[in-house]
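The values are calculated or read from the model by the stated rules, or taken from the named source; none is laboratory data. Keep in mind that this is a model prediction, so the values were computed, not measured. Neighbour counts run over all protein chains shown; Cβ positions are idealised from the backbone, glycine included. Note: areas computed on protein heavy atoms with side chains; ligands, DNA, RNA excluded. Shrake-Rupley method; radii C 1.70, N 1.55, O 1.52, S 1.80 Å.
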There are 2 protein chains.
Amino acid sequence: MNGAESLVRTLVGGGVNVCFTNPGTSEMHFVAALDKVEGMRCVLALFEGVVTGAADGYWRMRERPAATLLHLGPGLGNGLANLHNAKKANSGIVNIVGEHASYHIKYDAPLTADIEGIARPVSHWVKTSAEAKMVAADGAAAIAMASTPPGHIATLILPGDTAWNEGSGPVKVPAIPIRPKAAADAVKEAAQLLAQGPGTMLLLAGEGMQERGLALAGAIADKTGARILAQGANARVQRGAGRVPVNRLPYPVPQALQVLKDVQRLILVGAKAPVAFFGYPNQPSVLTSEGCAISTLTTSEEDSIDALDRLADAMGAKLKEAPIQQPFKPDMPSGTLDPDKIGAILGNIIPEQAIVVDESVTTGRGFYPLTAGAPPHDWLQNMGGSIGYGMPVAVGAALACPERKVLALIGDGSGMYTVQALWTMAREGLDVSAVIWANRTYQILKGEFDNVGAGKPGQKANDMLEIGRPDLDWVALATGMGVPARRTADCESLARQLQRGLAEAGPHLIEVVL
Amino acid sequence: MNGAESLVRTLVGGGVNVCFTNPGTSEMHFVAALDKVEGMRCVLALFEGVVTGAADGYWRMRERPAATLLHLGPGLGNGLANLHNAKKANSGIVNIVGEHASYHIKYDAPLTADIEGIARPVSHWVKTSAEAKMVAADGAAAIAMASTPPGHIATLILPGDTAWNEGSGPVKVPAIPIRPKAAADAVKEAAQLLAQGPGTMLLLAGEGMQERGLALAGAIADKTGARILAQGANARVQRGAGRVPVNRLPYPVPQALQVLKDVQRLILVGAKAPVAFFGYPNQPSVLTSEGCAISTLTTSEEDSIDALDRLADAMGAKLKEAPIQQPFKPDMPSGTLDPDKIGAILGNIIPEQAIVVDESVTTGRGFYPLTAGAPPHDWLQNMGGSIGYGMPVAVGAALACPERKVLALIGDGSGMYTVQALWTMAREGLDVSAVIWANRTYQILKGEFDNVGAGKPGQKANDMLEIGRPDLDWVALATGMGVPARRTADCESLARQLQRGLAEAGPHLIEVVL
């Protein structure tokens, strides 16, 4: 059994049974091994940003790593932005990156590059396999690293000869370490802060944003008079009717400062101390007010559920007293669409157990409250700020949860970075409703132009901020990749098309002209 | 004048008057400065791989650097593959990469990444500006580095506060070093090898592939009985009727070995010693035969034209005796298309001074001899092997030479990586004829699967090598981005559509179904 087959058997044995691929010559033995080994679903994408984003989405919904298969340094480079996003989301991914045969690297052929150098900024773990006999063991170590909570990016570089030479056979994955528990002192300190009553806030992230974490945090808040708040962006929020609702820290600095201004004691639950997304002239980077005491209950590595459990016990908070979101549907709007009307339509239409992948950027700033009372669903956001994450993450989420509907809400500017994701949706017949907000502008940048004090954009600047002239035709783009698509500009037809699309199997796209 | 304006004025003053952009918040001051400063053409792309590939194409045709404007680490990451290709092509590029304000970096906001780490593998020069007063001087140094022959990738990282704080005003670009001349011994050694007669070969690259270099090499070969050959891929070949024709080293190893087997003395003219594109089991990496003496007349840094001039003098070779390609047009084919018929059509249709950007991969392997007798034109190839280079390079070439027609010959697999280039062609009204070879397969990989000894692909492997199911509709994709498009599968209609498209202003696309 060669190295490649030893590695594929190690992956499957280690529970990695989806591989998102965009292979090249140096990966052909790995591809050949996929023919021989049962239990690995292979999903081709036509651009590597789709590959890596899909692996991110898969982890978020399954908490098990998918593998990627990438072609040398440039293939990894094409996947880099979504690996950045995945790393910031604490997603676990096993990247397999092909490399020249080890003896060939020194000749500096056209595709030769410093693959480790490219991998390092977006990986927690990088290794080039030294020989075919070691590939399976290296793969097992990569799986263990990727799976170690909260999830890590492990990049294994596979020189061609380590794939085609005789390997070791499969290797068992080492035991995955469990999350460390919060120190007793951390729980005690949080309890002391909470005992001081109003003016205390729990800032939640990670597991704290899933059903049980929110319930515990909600119960603690209810008992103590503290508030709960989420980070501005979250890898996965379990929300909707019957769950504990939580607001997010707003993106614009003045609004974020407003939300935090009366917080005297901030308890971090898997979250980092809140800072501005960007630095702006004359605006602070740190969003908490001066004198706010910041205490860490758990880091992102630690077990937030256990810590919240212990904290709830310490405070005498009871789960059943957590304030629960009641179901509600906003009034169904009519006429020409605007962001609030879209939010209201979504609040009416999001189906139970939907996975909402939110890359709405400016269009979606008001969606959250209007969808809070929808049936229970998951809400996924961009953690690394690099746009183009949404449609690939939708691909991965749909593969992870084939029984659920995926609703991908995507700004037109964002969607173009990884537009190739539509083809993979079509090939795999994924239940993704992709909705494109076609405002034909990098709308966020128009605000940011002013925020950074650059004044009012002139003609040349505006040309760099607007993506019209020519307008993108998303119906043509989607149908060109095999995804049925419609265009709409009014409430009634958006609602009708969304309902119809969600009722059918397979992907569809709606271009919403704003 | 702030740092950003100081930098833009330095760029314009230094002859950098095209900027390919995909900006974000951290680049807004740079964008604002573009409004204030005359003389910089700004070209927006919807994906950064288009930005960097366009800068590559611009350099190849103008030998002057364009600037890119990229948004932090992930934006640079999206442009990485085409920077890899540009670096291998010895193209000069000034990358401007936005970064958080320097005081904000430590907060590890979502977009924070190791930008220098991402830049280094694809850059010859990387610098993060330390303060606004230094930005213009750093920009001047970047221009000098990018412009130093044979062309270099210079990446300047621009923290937000260095853009918005008070700058120095524009700074003059330092003198660009000229190419070093070949040592007298190198010319003497080459002359001695040539004096031994047949069995000697000049392997050409870089300037050696442009009109005068080829004429000199051709004259030397004619005088001495040596052969001339080009690398497999070349950044820019000046060819066609009235120029010295030269063949390229074939991509498949067995054919390359065949071409080189009788070469006893190889003289490198700006070229590297020939090696296989990939290492394969049971095939050599080094393509020259054992015992072949390899001598370097010039490295890629040195002045090949001067060295060939001196060598021609030493051998008594006269330019006017160089063997010149006679004009010829292949018989115009008819009926169903195949690669040879396509080559014949191209041989009839390539207009004088056309710029052919060749990313035809397998479909185009036979185009070269069939187009050798077309009117004088340039032929550009992928130097780094990362597919997705072609349409972006066509964008840059068209902007560099608005008076010339650009013919982009693109495999369908390749085209999808940077499909967003079509939108920039439409917005800028570029005279690009994009022709897509729609074989719905990564055809090269089917050959490589066998070459690496992986046997015959099964169903799962084939699914990773074929890009049909669903078939891409390139007419829809192009029209969706504002580029008029047609589909064809026969000779007559391809010829007619190409002629019509080349006669009109602005871009068009032809999907050729194979």
- Message: Using each residue's phi in segment A:47-54, evaluate 6.51 cos²θ - 1.76 cosθ + 1.60 at θ = phi - 60° and report the 3J(HN,Hα) Karplus result to the nearest Hz, with x for Gly and Pro.
- Response: 7, 6, x, 6, 4, 6, x, 5
- Query: Shielding of A:284-291 by partners, i.e. mean partner chain Cβ atoms within 10 Å per residue?
  - Reply: 1
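Rounded, prolate or oblate: which one fits segment A:13-112, using the alpha carbon gyration tensor with axes a ≥ b ≥ c (rounded when a/c is under 1.5, else prolate when a/b beats b/c, else oblate)? Intermediate values should be presented prior to the final figure.
Values: a/c = 2.21, a/b = 1.33, b/c = 1.66.
Oblate is the answer for segment A:13-112, as a/c is 1.5 or above yet b/c matches or exceeds a/b.
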- Task: Quick one: net charge around A:Val43, please, counting Lys, Arg +1 and Asp, Glu -1 for every other residue with C-beta under 12 Å from its C-beta.
- Result: +1
- Enter the accessible area of A:Lys106 (Å², nearest 10), with the probe set to 1.4 Å and all protein chains included. 150
- Message: Which of the three applies to the protein assembly as shown, rounded, prolate or oblate, going by the alpha-carbon gyration tensor with a ≥ b ≥ c and a/c under 1.5 meaning rounded?
- Response: prolate
- Message: Please report the accessible area of A:Thr112 (heavy atoms, 1.4 Å probe, ligands and nucleic acids excluded) in Å², nearest 10.
- Response: 20
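Can you send over the carbon and sulfur percentage of the accessible area for segment B:1-128, probe radius 1.4 Å, protein chains only? All intermediate terms of the calculation are to be shown ahead of the outcome.
Details: 1300 of 2850 Å².
Carbon-and-sulfur percentage of accessible area, whole number: 46.
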- Task: Could you name the lysines whose alpha carbon sits less than 20 Å from that of B:Lys405, not counting residues in the same chain fewer than 8 places away?
- Result: B:Lys329
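Loop only per DSSP, at most 16 neighbouring Cβ atoms within 10 Å: give me the GluC sites (Glu not before Pro) in segment A:114-194, ordered by residue number. Provide the component values of the computation, followed by the final result.
Numbers: sites: A:Glu116, A:Glu131, A:Glu166, A:Glu189; in loops: A:Glu131.
When the GluC sites (Glu not before Pro) of segment A:114-194 are filtered for loop state and at most 16 Cβ neighbours within 10 Å, A:Glu131 remain.
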- In nm, what does the list of distances from B:Ala314 to its counterparts in the other copies look like, shortest first, when each label sits 7 Å along Cα to Cβ? 8.2
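Solvent-accessible area per residue for the protein assembly as shown at a 1.4 Å probe radius, Å²?
Details: 32600 Å² over 1028 residues.
Value for the protein assembly as shown: 32 Å² per residue.
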- Message: Once you keep just the Cα pairs under 8 angstrom separated by 6 or more residues, what percentage relative contact order results for segment A:71-178?
- Response: 35
- Message: Using 0.36 nm times the number of residues separating B:Arg365 and B:Gln499, minus their current alpha carbon distance, what extension gain do you get?
- Response: 46.0 nm
- Note on the structure: Accessible-area loss of at least 50 Å² in the complex relative to the chain alone (1.4 Å probe) applies, within segment B:95-112, to B:His104, B:Tyr107, B:Pro110, B:Leu111
- Message: Pairs of alpha-carbon atoms within less than 8 angstrom and 6+ residues apart define the contacts here; what relative contact order does chain B have, in percent?
- Response: 14
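Past 29 Å, Cα to Cα, is the threshold; run A:Lys223/B:Lys106; B:Lys88/B:Lys460; A:Lys172/B:Lys460; B:Lys188/B:Lys320 against it and keep the listed order. Don't jump to the answer; show the numbers that get you there.
Numbers: A:Lys223/B:Lys106 36 Å; B:Lys88/B:Lys460 34 Å; A:Lys172/B:Lys460 25 Å; B:Lys188/B:Lys320 23 Å.
Check vs 29 Å cut-off fails for A:Lys223/B:Lys106; B:Lys88/B:Lys460.
Give me the accessible area buried between chains A and B, both sides summed, with a 1.4 Å probe, in Å² rounded to the nearest 100.
Working: alone 20200 and 20170 Å², together 32600 Å².
In total, this chain pair buries about 7800 Å².
Of the listed peptides B:267-274, B:374-381, what is their order by residue-averaged count of other C-beta atoms within 10 Å, with the highest listed first?
Working: B:267-274: 23.9, B:374-381: 22.1.
Averaged packing, sorted descending, gives the order B:267-274, B:374-381.
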- Query: At B:Gly197, label 7 Å along Cα→Cβ: distances to the other copies, nm, ascending?
  - Reply: 10.8
- With x for Gly and Pro, the residue-by-residue ³J(HN,Hα) of segment A:370-378, computed from phi through the Karplus equation 6.51 cos²θ - 1.76 cosθ + 1.60 at θ = phi - 60° and given in whole Hz, is 6, 10, 5, x, 5, x, x, 7, 9
- Item | Cα centroid separation - segment B:4-69 against segment A:446-502, whole Å | 24
- Query: Relative to the other copies, what are the label-point distances for A:Lys133, with labels 7 Å from Cα along the C-beta vector, expressed in nm at one decimal and sorted shortest first?
  - Reply: 6.1
- Item | Helical contribution to [θ] at 222 nm, DSSP H n ≥ 4, -39,500 (n - 2.57), averaged over the protein assembly as shown, rounded to 500 | -11000 deg cm²/dmol
- Item | Candidate aspartates and glutamates for bridging to A:Lys318, where Cα separation is under 12 Å - those fewer than 8 sequence places away on the same chain excluded | A:Asp222, A:Asp309
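Gain in length, A:Asn247 to A:Glu321, computed as 0.36 nm per residue apart minus the alpha-carbon separation, to one decimal in nm?
Taking A:Asn247 through A:Glu321 to full extension adds about 24.8 nm, to one decimal.
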- Query: Once you list every other residue whose beta carbon is under 10 Å from the beta carbon of B:Thr296, what net charge do they have if Lys and Arg are +1 and Asp and Glu are -1?
  - Reply: -1
- Query: Among chain B residues, which Cβ is nearest the axis of the B-onto-A rotation, and at how many Å?
  - Reply: B:Ala476, 2
- Starting from the amide H of B:Val18, placed 1.01 Å from N in the peptide plane, find each other amide H under 5 Å away whose residue is 5 or more places distant or on another chain. B:Arg41, B:Ala67
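Taking R0 as 56 Å, what FRET efficiency do you get between A:Gln255 and A:Lys106 from their Cβ-Cβ distance, rounded to the nearest 0.05?
Numbers: r = 56 Å, r/R0 = 0.99.
So the FRET efficiency works out to roughly 0.50.
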- Message: Need one value: the accessible area of A:Tyr442 in square angstrom, 1.4 angstrom probe, rounded to the nearest 10.
- Response: 20
- Those residues of segment B:65-82 for which accessible area with every protein chain present is at least 50 Å² below the isolated value (1.4 Å probe): B:Pro74, B:Asn78, B:Leu80
- Query: Near the amide H of A:Ala293, under 5 Å away, which other amide H atoms are found, from residues 5 or more places off or on another chain, if H is placed in the peptide plane?
  - Reply: A:Arg265, A:Leu266
- Does chain B come out rounded, prolate or oblate, given a ≥ b ≥ c as the square roots of the eigenvalues of its C-alpha gyration tensor, rounded meaning a/c under 1.5 and, failing that, prolate meaning a/b above b/c? oblate
- Item | Relative contact order %, segment B:1-114, counting alpha carbon pairs below 8 Å whose residues are six or more apart | 27
- Item | Rounded to whole Hz, the Karplus (6.51, -1.76, 1.60) HN-Hα couplings of segment A:70-79, x for glycine and proline | 10, 9, 6, x, x, x, 5, x, 4, x
- Query: Carbon and sulfur together cover what percent of the accessible area of segment B:363-456 at a 1.4 Å probe radius?
  - Reply: 53
